[in-house]
Every structure is written in C-alpha cells, then in structure tokens.
Amino acid sequence: MNDNQMNLTERIKALESALVKLRERLDDVTADLGLTPGNTRLVIQRVSVMKLILQAQAEIDRLRLDVTGE
C-alpha cells in the first residue's frame with residue numbers, strides 16, 4: 001500500500017467514524033421528533049443530518065473506489 005492509499009484509508013476511517021456519529025444524531029433527532037411531531041426546527045435538523053449522512057456515504061464510496069482502483 002503506498003502513501004496515497006494509506007491517506008485514503010485514514011480518510012475513509014475518519015468518515016466512517018463521523019458517519020456513526022451522524023446516524024446516532026439522526027436517531028436522537030428522530031426520537032425527539034416523535035415526541036413533538038409538529039416541531040419544524042427538528043424536521044429541518046433531521047433533513048440536514050440525513051443530507052450529511054448521504055454526503056459522507058457518497059464520499060466513502062468514492063474513496064473506496066480510489067483505494068481499490070476500480
């Protein structure tokens with residue numbers, strides 16, 4: 001594994017860690033929203049967290065392709 005692949009692997013690990021935290025945050029916001037379903041702030045926050053999850057997952061997928069060279 002060359003230095004570039006190691007850097008990509010480290011970046012993937014960091015993104016995966018962030019993704020776990022984002023999913024936990026999504027669970028928390030979803031639970032809060034279940035208690036107060038009319039809370040617009042929570043709805044917006046939930047959508048924002050989901051967007052961040054999608055972006056992080058897309059970046060992980062892209063980096064994995066770079067590491068494998070496929």
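The values are calculated or read from the model by the stated rules, or taken from the named source; none is laboratory data. Computed from a prediction, not measured in an experiment: that's the story for all the values here. For neighbour counting, all protein chains shown are included, and Cβ atoms are generated from backbone atoms with ideal geometry for every residue, glycine included. Just the protein is used for accessible areas: all its heavy atoms, side chains included, with ligands, DNA and RNA removed. Shrake-Rupley method; radii C 1.70, N 1.55, O 1.52, S 1.80 Å.
Computed values, structure above
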item	result
Listed residues LEU35, LEU54, LEU15, most fluctuating in the chain (Gaussian network, C-alpha, under 10 Å)	LEU35
Probe 1.4 Å, protein heavy atoms only - accessible area per residue of the chain in square angstrom	72
Over the chain: helical MRE at 222 nm, DSSP H runs n ≥ 4 each giving -39500 (n - 2.57), nearest 500	-32000 deg cm²/dmol
Summed side-chain charge close to LEU52 - residues other than LEU52 whose Cβ falls under 13 Å, Lys, Arg +1, Asp, Glu -1	+3
Crossing angle, helix 3-35 versus the chain [Cα axis fit, 0-90 degrees, rounded to tens]	10
Degrees, to the nearest 10: 40-68 long Cα axis against longest axis of the chain	10
Local electrostatic count, LEU15, Cβ distance below 13 Å [Lys/Arg +1, Asp/Glu -1]	+1
10 °C / 1.306 mPa s Stokes-Einstein diffusion coefficient of the chain, Kirkwood radius on C-alpha pairs, µm²/s	118
